[in-house]
Amino acid sequence: MIEPPALLTHFNAHPPQDFKIVELPGSMPGFALRFDLSTTMDARAQRRLQALPLYRYWRRWLTPYTCFVGTTCTEYLPLPYAPNAEHLVQSLVNEIAPQFDFLILKDLPAHSPLTGDAATRHTEQIRTACQQAGFFIVEGQALAYVPVDYASTEEILERMPRARRKEMKRKLKARAGLEIETLHTGDAFFHEPTNLDFLYALYTNVYQQSEIHFDRLTPDFFRAILQDATLNGVLFLYRAAGAIIGYNLCFEQNGMLLDKYVGFAYPQSREHNLYTVSWFHNLDYAQARGLHTYVAGWTDPEIKRHLGAQFTFTQHAVYIRNPILRSLLKPLRRFFEADRQWHEEHAKTTRP
């Protein structure tokens with residue numbers, strides 16, 4: 001994993017709402033829940049699905065009881081070192097798969113530039129062992145990142161097409177009306193219950209307006225990570241006219257700035273172009289700290305592409321206990337690969 005290890009500890013102690021932590025072989029992290037298979041479909045595919053005859057009667061079959069091997073607080077599945085990948089995967093099939101409708105190893109890195117060669121080789125061994133054990137591979141989400149190979153915000157802007165550069169400069173004028181405070185995890189500010197409640201409410205604002213509702217983090221999780229000084233976390237707090245209108249919580253680890261959680265007040269954050277302002281503030285911070293990569297996380301790939309991000313993808317290894325259902329769903333996996341399809345379509349439109 002590329003995050004501070006203590007982040008995983010807090011996830012296990014305070015899992016997202018409706019998640020049940022599962023003990024897995026090899027001390028791998030895992031959780032279980034009723035998983036809505038349409039979660040990763042794009043909006044068009046979801047509408048088509050919901051328009052099918054008698055959908056309201058058979059939709060329950062689209063929420064199988066699922067065990068996920070992995071977490072939602074790490075970009076990649078934290079894999080233990082296993083000299084025998086086949087044995088590790090087979091133990092999951094023998095001990096865990098019989099208890100669930102689906103077993104999913106989530107967020108296996110696919111030749112990621114953010115992990116080392118050893119991690120890449122180990123992941124490939126796990127992926128191959130999964131396929132040999134009857135799993136099929138589904139393309140995951142697009143993880144946005146920006147190499148810190150620039151000296152200033154102006155240099156980043158100069159790399160953009162003229163119209164986009166003009167747009168960014170216009171939006172960044174909002175910085176003049178904002179106060180930006182930098183707080184580190186463990187700060188006394190995070191030990192005030194009213195502050196914690198307010199920050200969690202801003203996170204909830206973002207969660208509720210998001211297109212994907214998968215892991216709703218709990219107040220206890222936020223309290224734990226914000227009060228943990230060992231996480232090397234930094235929270236950028238944005239105020240307008242003295243009032244907090246948003247924040248961005250990042251973690252610095254292994255030469256990377258990992259953008260993890262945001263909270264916004266609406267409509268104030270939109271009025272001050274806070275998404276764009278915070279993006280460039282993070283880039284400035286990463287450069288000033290001498291880091292080599294800004295990792296901007298999942299979701300909103302089109303917006304992040306517009307802001308200059310590059311992308312690397314993950315894959316999920318899926319095991320379906322029922323062989324008939326496995327045969328039916330395997331050919332349909334493309335409907336669950338919205339980010340990969342978005343990326344391929346974008347590549348077509350930009351190809352000379």
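Go ahead and collect, in residue order, the members of the stretch 2-38 whose backbone nitrogen is under 13 Å from a label point 7 Å along the Cα-Cβ direction of Ser91.
23-29
By how many nm would the segment from Gln132 to His111 grow when fully extended, if each residue of separation counts as 0.36 nm and the alpha-carbon distance is taken off?
Going from the current span to full extension adds 5.6 nm.
Taking 0.36 nm per residue of separation and subtracting the Cα-Cα distance, what length does fully extending Lys166 through Ala241 add?
Separation in residues times 0.36 nm, less the Cα-Cα distance, equals 24.4 nm.
Could you list the residues of the stretch 219-247 with an amide nitrogen less than 17 Å from a label point located 7 Å from the Cα of Ala188 in the Cα-to-C-beta direction?
227-229
Assign unit charges at the C-beta atoms only (+1 for Lys and Arg, -1 for Asp and Glu), then state the dipole size of the stretch 146-310 relative to its Cα centre in Debye, rounded to the nearest 20.
Its charge dipole is roughly 780 debye.
What FRET efficiency comes out for the pair Thr230/Arg289, r = Cβ-Cβ distance, R0 = 25 Å, nearest 0.05?
0.85
Provide Glu167, Glu192 in ascending order of the number of other Cβ atoms located within 10 Å of each residue's Cβ, fewest first.
Final ranking by Cβ density, sparse to dense: Glu192, Glu167.
Take Tyr266 and His306, extend 7 Å from each Cα along the Cα→Cβ direction, and tell me the distance between the two endpoints in nm.
With each label point 7 Å from Cα toward Cβ, the separation is 1.6 nm.
Using the Cα centre of the stretch 113-245 as origin and beta-carbon charges of +1 (Lys, Arg) and -1 (Asp, Glu), tell me which of Gln141, Tyr238, Ala176 is placed farthest towards the positive end of the dipole.
Ala176
If Rh is defined by the Kirkwood formula over all Cα pairs and Rg also comes from Cα, what ratio Rg/Rh do you get for the stretch 146-310?
Expressed as Rg/Rh, it is 0.95.
Pop a pseudo-label 7 angstrom from the Cα along the beta-carbon direction at both Ser210 and Tyr65 and give the gap in nm to one decimal.
Calculated label separation equals 2.6 nm.
Taking amide H positions as placed 1.01 Å from N in the peptide plane, with prolines and chain starts having none, which residues 5 or more places from Gln253, or on another chain, fall under 5 Å of its amide H?
Distant-sequence amide H within range of Gln253: Leu258.
Read the figures in this text as sums done on the coordinates, not as results from a lab. As the structure is a prediction and not an experimental result, all values here were calculated from the model. Because the Cβ atoms are built from the backbone with ideal geometry, glycine has one as well, and the counts that use them run over all protein chains shown.
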